[in-house]
Amino acid sequence: GVIEFTKNDLRNIVYPYSRISSIVNIFKNEGLDIDDLEDFSVECLDGPLEQEIIKKILGFKEAVINAVNQNQPYKFIKYANELYELFYKINASTLYRQLSREKLIALLKLLSSVKIVFKEILTILELPALDKM
């Protein structure tokens with residue numbers, strides 16, 4: 001079946017993907033390349049929004065399986081929109097430059113995981129992933 005979704009749904013997937021790319025690249029250009037850092041302190045991600053995002057990411061596989069098995073693609077779109085809402089809240093309320101280096105690294109790693117999930121969503125929907133909008 002064809003998944004029906006709106007331009008808004010699409011923006012809610014594409015925007016965080018490109019925004020996270022931008023944030024990570026800004027810090028990479030300043031010498032903080034999180035791709036080079038295997039070790040980071042997940043304990044720093046103790047805020048309620050961060051915890052919600054972690055839970056949401058961990059539920060991705062289940063969201064896909066449920067949408068497919070139950071033939072209810074809207075559940076997949078709903079999942080994407082819920083993840084977008086969480087990303088939007090954390091992005092709007094975070095002053096990246098005021099974070100400790102340890103917290104910044106942990107948050108950038110978390111956002112990179114969010115980006116991977118959005119890339120998977122775009123792949124499943126057969127849409128291109130744009131690093132810049």
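Data overview
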quantity: Pair list, Cβ under 6 Å, 6 or more apart: segment 80-99 residue without any contact (Cβ under 8 Å) to a residue 60 or more places away in the chain and closer than 20 Å to Arg11 by Cβ, other residue open to solvent by 50 Å² or more (accessible area, probe 1.4 Å) and part of a helix (DSSP H, G or I); calculated: Leu86/Glu52
quantity: Residues satisfying the stated conditions in segment 60-106, i.e. outside any helix (DSSP H, G or I) and under 26 Å from Asp39 (Cβ atoms); calculated: Thr94, Leu95, Leu99, Ser100
quantity: Filtered residues of segment 44-68 (kept if open to solvent by 100 Å² or more (accessible area, probe 1.4 Å) and at pLDDT 90 or above); calculated: Asp46, Pro48, Lys55, Leu58, Lys61, Glu62
quantity: Options Phe87, Phe5; residue that is under 26 Å from Leu127 (Cα atoms), of a type in the set (Phe, Trp, Tyr) and at pLDDT 95 or above; calculated: Phe87
quantity: Extreme residue, least open to solvent (accessible area, probe 1.4 Å), among residues of segment 84-101 that are out of contact with any Gly (no Cβ under 9 Å at 6 or more places or on another chain), aliphatic (A, V, I, L, M) and under 16 Å from Arg19 (Cβ atoms); calculated: Leu86
quantity: Any hit, segment 32-40, residues being under 17 Å from Lys119 (Cβ atoms) and surrounded by 13 or more Cβ atoms within 10 Å (Cβ to Cβ); calculated: yes
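The values are calculated or read from the model by the stated rules, or taken from the named source; none is laboratory data. All of these numbers come straight from a predicted model, not from anything done at the bench. No Cβ is skipped: glycine too gets one built from the backbone with ideal geometry, and neighbour counts run over all protein chains shown. Areas reflect the complete protein model, heavy atoms only, side chains present, ligands, DNA and RNA absent. Shrake-Rupley method; radii C 1.70, N 1.55, O 1.52, S 1.80 Å.
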